[in-house]
Amino acid sequence: GAGVSQSPSNKVTEKGKDVELRCDPISGHTALYWYRQSLGQGLEFLIYFQGNSAPDKSGLPSDRFSAERTGGSVSTLTIQRTQQEDSAVYLCASSFDRRSSYEQYFGPGTRLTVT
Amino acid sequence: EDKVVQSPLSLVVHEGDTVTLNCSYEVTNFRSLLWYKQEKKAPTFLFMLTSSGIEKKSGRLSSILDKKELFSILNITATQTGDSAVYLCAVTSSNTGKLIFGQGTTLQVKP
């Protein structure tokens, strides 16, 4: 079946602009996660959704970052007034249920470059 | 603070060699440890370990967890050039299931 998909695959934006990154999880997966991977760094947790609610937003680096999920499916990560330090690969992952399985399946990511 | 440390950070071997990758962790409310392989962008799932001493195997790859000493190893036997990748170790804690990642080990297998 289809895996996790993300769009766009690459995004170049000017400093100060807003960007929206999209994630389509695997059908039937109720848990959805956003991570960020900066150059040469490990993956850093940003936010977790269970259904449409976000019980854990502890990884969002600033109030310029927000995310929502609608219909228990698609999620959008929004970065306002982008800064150069926001340049990274943004990865989305989903799992069937946070309790029954912690096997998270990752999408191909969005590479964001802020110039 | 929860943390995951992997070693070595990078490794170069020749085809046919056996490699051992290490992962140690400090995390409250440990639930599971996962290994991923990352070749381009998307990490691909390899193993999930929850119990000590039980080896998981998939072909030439195997992994084991020691919950007393707080570490895991990933073994790759008879390495091939296609094994070249970044290997990521992550742990989950609390009820959210979020993954806490190590820095990764970059493995290069030369012909």
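Structural remarks
- For A:S95, the criteria (1) within 12 Å of the chain's Cα centre (by Cα); (2) within 29 Å of B:S32 (Cα to Cα) hold in every case but one, which is (1).
- Of all residues in region A:30-81, those that are over 10 Å from the mean Cα position of the chain (by Cα), in contact (Cβ under 8 Å) with a residue 24 or more places away in the chain and closer than 17 Å to A:S7 by Cβ total 4.
- Hits in region A:16-37 (condition: open to solvent by 80 Å² or more (accessible area, probe 1.4 Å) and over 16 Å from A:T78 (Cβ atoms)): A:S27
- Selected residue (criterion: most open to solvent (accessible area, probe 1.4 Å)) from residues of region B:10-49 that are at the interface with chain A (Cβ under 10 Å from one of its Cβ atoms) and part of a loop (DSSP other than H, G, I, E, B): B:K40
- Applying the criterion of being of a type in the set (A, V, I, L, M) and touching a Gly at 6+ places or on another chain (Cβ under 9 Å) to the residues of region A:10-31, the residue that is farthest from A:N52 (Cα to Cα) is A:I26.
- Flag: A:S38 matches the condition of being within 21 Å of A:P61 (Cα to Cα), of a type in the set (S, T, N, Q), within 13 Å of another protein chain (Cβ to nearest Cβ) and in contact with a strand residue (DSSP E or B) (Cβ under 7 Å, 6 or more places away or on another chain).
- None of A:S58, A:S95 is open to solvent by less than 20 Å² (accessible area, probe 1.4 Å), under 25 Å from B:L49 (Cβ atoms) and within 13 Å of chain B (Cβ to nearest Cβ) except A:S95.
- Residue within region A:12-29 that is free of Cβ contacts under 8 Å to residues at least 24 places away in the same chain and in contact with a helix residue (DSSP H, G or I) (Cβ under 9 Å, 6 or more places away or on another chain) present: no
- The set of residues from region B:37-67 being of a type in the set (K, R) and either in contact with a Gly (Cβ under 8 Å, 6 or more places away or on another chain) or touching a residue at least 12 places away in the same chain (Cβ under 8 Å) (or both) comprises B:K37, B:K41, B:R60, B:K67.
- Taking strands (runs of 3 or more DSSP E) as the structural unit, those lying wholly within region B:54-105 and holding at least 2 residues that are modelled with pLDDT under 95 and within 11 Å of another protein chain (Cβ to nearest Cβ) correspond to B:85-93, B:99-101.
- Residue in region B:68-78 that is free of Cβ contacts under 8 Å to residues at least 24 places away in the same chain, of a type in the set (K, R) and surrounded by fewer than 20 Cβ atoms within 10 Å (Cβ to Cβ) present: yes
- Of the residues screened, A:E85 is not one that is out of contact with any helix residue (DSSP H, G or I) (no Cβ under 6 Å at 6 or more places or on another chain), within 14 Å of chain B (Cβ to nearest Cβ) and either closer than 16 Å to A:D24 by Cα or of a type outside the set (V, I, T) (or both).
The values are calculated or read from the model by the stated rules, or taken from the named source; none is laboratory data. The structure presented is a predicted model; accordingly, all values stated were derived computationally and were not measured. Glycine gets a Cβ as well: all are built from the backbone with ideal geometry, and neighbour counts include every protein chain shown. Side chains are part of the model used for accessible areas, which takes the heavy atoms of the whole protein and leaves out ligands, DNA and RNA. Shrake-Rupley method; radii C 1.70, N 1.55, O 1.52, S 1.80 Å.
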